[in-house]
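Each remark here refers to the structure printed beneath this line.
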């Protein structure tokens, strides 16, 4: 699974490139696919109106995951434990690539430790680049994800849906999920939420990174940190009491859980700051 950034798509989307196939009539255009799951969780595809990015047509959809009360599922980086969702769009037709976008998650403390994910129903937006912008897309998905209550259960769901770009009854659900996807800080310089000064404290054992977050006074802030590869298992950033001024929150990221032989110097960390309905993402390089 690769994560990349493409123009017109928010930072850190998961981009899945697909072979180009001819469109068959096997999948019918609709607003939603059938649910695939049970009483604990289920998943389906939902469609939305197409848009344009960099002058090209972009189909929009979403993966809707329904969770029973008390159950959770995971973000792209699950934290102390858990398995991130994985997507397979093999068999889709008239598809060049699919970008999976990730709405801002929450920190979940339970018997597993502290994990990162979602405890209510969630829609993961999809941005689909068609091979031929003049034709509909037949999207076929296999989703592997994990759900947890007292026990954790691996789940596989399959769904298929044709995207024709027309307005749908599910437009609002996809649009709302897109608004919850963290924005790139460089594109949101005027935001009251932003990642500020970062310093490597090499004298600490193990070393740590100190990160200042600017946020409105009185608003809670959660920070998430991801390493340059999935093999990095960084602990969740911890808030510190010290700060440099009003509206500044300081966090400590302990540089623990690195892969064998890896060095932190020069590594790029992905930081996601969440405060209420606001969320921003940026990349810092550890020098």
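The values are calculated or read from the model by the stated rules, or taken from the named source; none is laboratory data. Keep in mind it's a predicted model, so treat the numbers as computed, not measured. Positions of Cβ are backbone-derived with ideal geometry, glycine not excepted, and every protein chain shown enters the neighbour counts.
Restricting to the range 45-55, give me the number of residues that are more than 11 Å from residue 127 (Cβ to Cβ) and assigned to a strand (DSSP E or B).
Counting residues in the range 45-55 that are more than 11 Å from residue 127 (Cβ to Cβ) and assigned to a strand (DSSP E or B) gives 5.
Here are some conditions: (1) touching a strand residue (DSSP E or B) at 6+ places or on another chain (Cβ under 9 Å); (2) surrounded by fewer than 17 Cβ atoms within 10 Å (Cβ to Cβ). Residue 203 meets all but one. Which one does it not meet?
(1)
Quick check on residue 155: is it in contact (Cβ under 8 Å) with a residue 24 or more places away in the chain, in contact with a helix residue (DSSP H, G or I) (Cβ under 8 Å, 6 or more places away or on another chain) and over 12 Å from residue 60 (Cβ atoms)?
No; evaluated as a whole, the condition is false for this residue.
On the basis of being over 30 Å from residue 132 (Cα atoms), assigned to a loop (DSSP other than H, G, I, E, B) and assigned by TED's automatic domain parsing to the domain that holds residue 124, does residue 42 make the cut?
No, not satisfied.
Report yes if some residue within the range 242-264 is closer than 22 Å to residue 76 by Cα, touching a residue at least 60 places away in the same chain (Cβ under 8 Å) and buried (at least 17 other Cβ atoms within 10 Å of the Cβ); otherwise report no.
Looking through the range 242-264, at least one residue is closer than 22 Å to residue 76 by Cα, touching a residue at least 60 places away in the same chain (Cβ under 8 Å) and buried (at least 17 other Cβ atoms within 10 Å of the Cβ).
Restricting the search to the range 50-75, which residues are closer than 17 Å to residue 153 by Cα and in contact with a strand residue (DSSP E or B) (Cβ under 8 Å, 6 or more places away or on another chain)?
Once the filter is applied, which keeps residues that are closer than 17 Å to residue 153 by Cα and in contact with a strand residue (DSSP E or B) (Cβ under 8 Å, 6 or more places away or on another chain), the range 50-75 yields 65, 66, 67, 68, 71, 72, 73, 74, 75.
Return the total of residues in the range 240-266 being assigned to a loop (DSSP other than H, G, I, E, B) and touching a strand residue (DSSP E or B) at 6+ places or on another chain (Cβ under 7 Å).
Total meeting the criteria: 6.
For residue 195, all conditions in the list (1) in contact (Cβ under 8 Å) with a residue 24 or more places away in the chain; (2) more than 20 Å from residue 181 (Cβ to Cβ) hold save one; what is the number of the exception?
With (1) in contact (Cβ under 8 Å) with a residue 24 or more places away in the chain; (2) more than 20 Å from residue 181 (Cβ to Cβ) applied to residue 195, the lone miss is (2).
Does residue 211 fit the bill of being farther than 25 Å from residue 120 by Cβ and either in a helix (DSSP H, G or I) or at pLDDT below 95 (or both)?
Judged against the criteria, residue 211 is not a match.
Restricting to the range 240-254, count the residues that are over 15 Å from residue 194 (Cβ atoms) and at pLDDT below 95.
3
For the range 257-284, give me each residue that is within 23 Å of the chain's Cα centre (by Cα) and more than 28 Å from residue 178 (Cβ to Cβ).
Across the range 257-284, the qualifying residues are 257, 258, 259, 267.
Among 193, 139, which is the only one that is crowded, with 21+ Cβ neighbours inside 10 Å and under 21 Å from residue 43 (Cα atoms)?
So the residue among 193, 139 that is crowded, with 21+ Cβ neighbours inside 10 Å and under 21 Å from residue 43 (Cα atoms) is 139.
Which one of 67, 21, 11, 101 is under 20 Å from residue 281 (Cβ atoms) and either modelled with pLDDT of 95 or more or surrounded by fewer than 17 Cβ atoms within 10 Å (Cβ to Cβ) (or both)?
Selected residue: 101, the only one of 67, 21, 11, 101 that is under 20 Å from residue 281 (Cβ atoms) and either modelled with pLDDT of 95 or more or surrounded by fewer than 17 Cβ atoms within 10 Å (Cβ to Cβ) (or both).
Report yes if some residue within the range 229-239 is part of a loop (DSSP other than H, G, I, E, B) and either farther than 27 Å from residue 257 by Cβ or assigned by TED's automatic domain parsing to the domain that holds residue 91 (or both); otherwise report no.
There is no residue in the range 229-239 that is part of a loop (DSSP other than H, G, I, E, B) and either farther than 27 Å from residue 257 by Cβ or assigned by TED's automatic domain parsing to the domain that holds residue 91 (or both).
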